[in-house]
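Take a look at the structure set out below.
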Amino acid sequence: MKIINAGGAKKWSTLVHNGVVFPPPYKPHGVKMLYNGQPVDLTPEQEEVATMFAVMKDTEYASKETFINNFFTDWRKILGKTHVITKFELCDFTPIYEWHLSEKEKKKQMTSEEKKASREEKSQQDEKFMWAFVDGVKEKVGNFRVEPPGLFRGRGEHPKMGRLKRRIRPSDITINIGEEAPVPVCPIPGESWKEVKHDNTVTWLACWNDPINEKDIKYVFLAASSSLKGQSDKEKYEKARKLKDYIRSIRANYTKDFRSKDQRKKQIAVATYLIDKLALRAGDEKDEDEADTVGCCTLKVENVTCLPPNKLQFDFLGKDSIRYYNTVEVELAVYEAIKEFCAGKKKGGHVFDKLDTTKLNAHLKDLMPGLTAKVFRTYDASITLDTILNKETTDGTVDEKAKVYQRANKEVAIICNHQRAVPKSHDSQMNKLNEKIDELTAQRDQLNVELEKANKLLSKKAKKRKLVGSDGDAKRRRKLTPEMLQKKLSQVETRIVETDNHKNNKEDLKTVALGTSKINYLDPRITVAWCKTHEVPIDRDKHFTVLNKLF
DNA sequence: ATGTACACTTAGTACCTCGCAA
DNA sequence: TTGCGAGGTACTAAGTGTACAT
């Protein structure tokens, strides 16, 4: 018997769960697309794939050549050699797209009771799959739903985008479950699981091969709120914290090697420096059939520009094809070393040609037990969060303190290069805020005029009263007193400042994704400690409330 | 030393929900 | 009552890193 994961520790003693939920079978709609202007008959299977493409009309993918070619190639396999459809250019998916829009509209038009009812029905069906028992403890399952068929949405310039991701069947699925637990009933009549195993050195409940990349495996894991996930999360942050004790000697170590005669040592030193200073990812080698992205070890000469006297400009696509664009001042020795590594190499050549992630990590392990490249990102995040929170938190309202936390969160996100697409509604929201500010400013000006008038009137009246003893007329009495106007004025002024801050904050964060760092990089213990010290209720944030219980 | 299978973390986006202001 | 924005969840792609085979 092949022993898999032999070194892996035991993760559980008993494991009980109910398997996975399959997406419902395809329901044909019968809407005919056009080919060369004529309606065409499609079998349900053919129609299903056509529909997958049709509904993506308003995405970027729909106009990408690679996507279209891959889709069409896979679809034609299903259409068969003799089918009338042979040219993509003659296909008109609009009828199906419009059907899709009207279905969407129908759903939107449902009353809130109907929506609620169907939601409840669904959650009732899902209920038994949502939970697992790990060593007798009820834990939430993460992704118990099997991925539905669809067109592959690879990020960046992925050579496989648009390929048909076929339907997963029970015979694709391996179930991992406790020996004594009942094997989940296969929910599709007449079919059965590929395999049932009882491996307690792993944490997954089910897996199948990714149909796009057959050598890749998709897993069903427990949710982040489970103690198994919480445990390894805690270990991750503990390791990052330990790096604090080692960082001085690690830095001394690589600094010494910047000028090493041994090219490999020198490259390791410079790479470690970049990972430490810039929180770059390790950068594993990638296959030809994946998007062309890089990390530290895979940086190519064209990704780094040396700007005299000692600046480096980085420009490359990293994970998820997110652009990393940054100019930094580095130690002169690093600058010289990079220049030397790049010298004489052709475009596409690796800056660190004597290096890969395995070698780098092996070296890091010598410096600190369990140290790998990714720990530096967690470490950087922890240091940044801690520093900003300590430096910037002042006595003030809870809202003001929360703003400080958000600023720290933002800095971490920037360091980790967590970006997002500018929200679709960004421009219109900015316009609205500008209009709001204009409106408030006009209000303010108006109030100032009124206030001035009211004050004048008051002093006039005072004079008059001395002379005549007037009690003022009814019309005047309805007007606001200067005090009231003053109060209103300061309210408006506050709102102007608030709205302006809100606007600037929104603009500032339009391309920054805060969520990833919050979930994966901000040590909950730092957050919780800060909340306690500064009397910010932890339950303001659901994420940390959950983790607080777990940690 | 290098390649690869496997397991697990990290990532951005689409969508959904809920509370609030208009 | 509605429409909208913030914030959360679901989804699944894309990384990292280890163990083992070659």
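The values are calculated or read from the model by the stated rules, or taken from the named source; none is laboratory data. What you see is a predicted model, and the numbers here were worked out from it, not measured in a lab. When we count neighbours, we look across all protein chains shown, and the Cβ atoms used for this are built from the backbone with ideal geometry, even at glycine. Keep in mind that these areas ignore ligands, DNA and RNA; they rest on the heavy atoms of the full protein, side chains included. Shrake-Rupley method; radii C 1.70, N 1.55, O 1.52, S 1.80 Å.
Are any residues in segment A:139-155 in contact with a helix residue (DSSP H, G or I) (Cβ under 8 Å, 6 or more places away or on another chain), away from DNA strand B (no atom under 13 Å from the Cβ) and either modelled with pLDDT under 95 or outside any strand (DSSP E or B) (or both), and if so, which ones?
A:144, A:149, A:152
Run residue A:232 past the list (1) within 12 Å of DNA strand B (Cβ to nearest atom); (2) in a strand (DSSP E or B) and report the number of the one that doesn't hold.
Every listed condition holds for residue A:232 apart from (2).
Any residue at all in segment A:365-387 that is more than 16 Å from DNA strand C (Cβ to nearest atom) and in contact with a Ser or Thr (Cβ under 9 Å, 6 or more places away or on another chain)?
Yes - at least one qualifying residue is present in segment A:365-387.
Among the residues of segment A:65-76, is there at least one that is assigned by TED's automatic domain parsing to the domain that holds residue A:219, modelled with pLDDT under 95 and open to solvent by 90 Å² or more (accessible area, probe 1.4 Å)?
no
Say we look at segment A:386-417 and pick out the residues that are open to solvent by less than 20 Å² (accessible area, probe 1.4 Å) and within 14 Å of DNA strand B (Cβ to nearest atom); which of these is nearest to residue A:280 (Cα to Cα)?
Filtering first and then ranking leaves A:416.
So residue A:246 clears everything in (1) without any contact (Cβ under 8 Å) to a residue 60 or more places away in the chain; (2) at negative phi; (3) surrounded by fewer than 20 Cβ atoms within 10 Å (Cβ to Cβ) except one condition, right? Which one?
The failed condition is (1).
Among the residues of segment A:167-183, what is the count of those that are crowded, with 18+ Cβ neighbours inside 10 Å, more than 13 Å from DNA strand B (Cβ to nearest atom) and assigned to a loop (DSSP other than H, G, I, E, B)?
4
Answer yes or no as to whether residue A:195 is touching a residue at least 12 places away in the same chain (Cβ under 8 Å), within 16 Å of DNA strand B (Cβ to nearest atom), open to solvent by less than 50 Å² (accessible area, probe 1.4 Å) and of a type in the set (Asp, Glu).
Taking the combined requirement at face value, the residue does not satisfy it.
Please specify each residue of segment A:542-551 satisfying the condition of being open to solvent by 40 Å² or more (accessible area, probe 1.4 Å) and free of Cβ contacts under 8 Å to residues at least 60 places away in the same chain.
Answer for segment A:542-551, where residues must be open to solvent by 40 Å² or more (accessible area, probe 1.4 Å) and free of Cβ contacts under 8 Å to residues at least 60 places away in the same chain: A:542, A:543, A:548, A:549.
Filter segment A:204-220 down to residues that are part of a loop (DSSP other than H, G, I, E, B), under 13 Å from residue A:144 (Cβ atoms) and near DNA strand B (Cβ under 9 Å from one of its atoms), then give me how many there are.
1
Please determine, by comparing only the residues of segment A:287-307 that are modelled with pLDDT under 95 and open to solvent by 70 Å² or more (accessible area, probe 1.4 Å), which one is nearest to the chain's Cα centre (by Cα).
Selected residue: A:287.
For the subset of segment A:89-98 comprising residues that are surrounded by 18 or more Cβ atoms within 10 Å (Cβ to Cβ) and over 30 Å from the mean Cα position of the chain (by Cα), which member is farthest from residue A:54 (Cα to Cα)?
A:91
Could you please tell me which pairs satisfy a Cβ distance under 6 Å, a separation of 6+ or placement on different chains, a first residue in segment A:198-215 that is assigned by TED's automatic domain parsing to the domain that holds residue A:175 and aliphatic (A, V, I, L, M), and a second residue that is modelled with pLDDT of 95 or more and open to solvent by 30 Å² or more (accessible area, probe 1.4 Å)?
Pairs that qualify, where the first residue is assigned by TED's automatic domain parsing to the domain that holds residue A:175 and aliphatic (A, V, I, L, M) and the partner is modelled with pLDDT of 95 or more and open to solvent by 30 Å² or more (accessible area, probe 1.4 Å), are A:212/A:152; A:212/A:163; A:212/A:165.
What is the residue count in segment A:505-531 for residues that are more than 9 Å from DNA strand B (Cβ to nearest atom) and assigned to a helix (DSSP H, G or I)?
Residues in segment A:505-531 being more than 9 Å from DNA strand B (Cβ to nearest atom) and assigned to a helix (DSSP H, G or I): 13 in total.
Picking from A:209, A:200, which residue would you name as being surrounded by 14 or more Cβ atoms within 10 Å (Cβ to Cβ), within 30 Å of residue A:288 (Cα to Cα) and in contact with a strand residue (DSSP E or B) (Cβ under 9 Å, 6 or more places away or on another chain)?
From the options A:209, A:200, the qualifying one is A:209.
Does segment A:69-92 include one or more residues that are β-branched (Val, Ile, Thr), more than 30 Å from residue A:289 (Cβ to Cβ) and within 13 Å of DNA strand C (Cβ to nearest atom)?
no
So residue A:229 fits all but one of (1) open to solvent by less than 80 Å² (accessible area, probe 1.4 Å); (2) within 20 Å of residue A:361 (Cβ to Cβ); what number is the exception?
(2)
What pairs can you find where one residue is in segment A:419-443 and in contact (Cβ under 8 Å) with a residue 40 or more places away in the chain and over 19 Å from residue A:494 (Cβ atoms), the other is open to solvent by less than 70 Å² (accessible area, probe 1.4 Å) and in a strand (DSSP E or B), and their Cβ atoms are less than 8 Å apart, with a gap of 6+ or different chains?
The qualifying pairs are A:419/A:512; A:420/A:512.
Test each condition in (1) within 30 Å of residue A:162 (Cβ to Cβ); (2) in a loop (DSSP other than H, G, I, E, B) for residue A:186 and report the one that comes out false.
Answer for residue A:186: the failing condition is (1).
Check off (1) in a helix (DSSP H, G or I); (2) open to solvent by 50 Å² or more (accessible area, probe 1.4 Å); (3) of a type in the set (S, T, N, Q); (4) closer than 30 Å to residue A:221 by Cβ for residue A:18 and give me the number that stays unchecked.
Residue A:18 satisfies all of (1) in a helix (DSSP H, G or I); (2) open to solvent by 50 Å² or more (accessible area, probe 1.4 Å); (3) of a type in the set (S, T, N, Q); (4) closer than 30 Å to residue A:221 by Cβ except (1).
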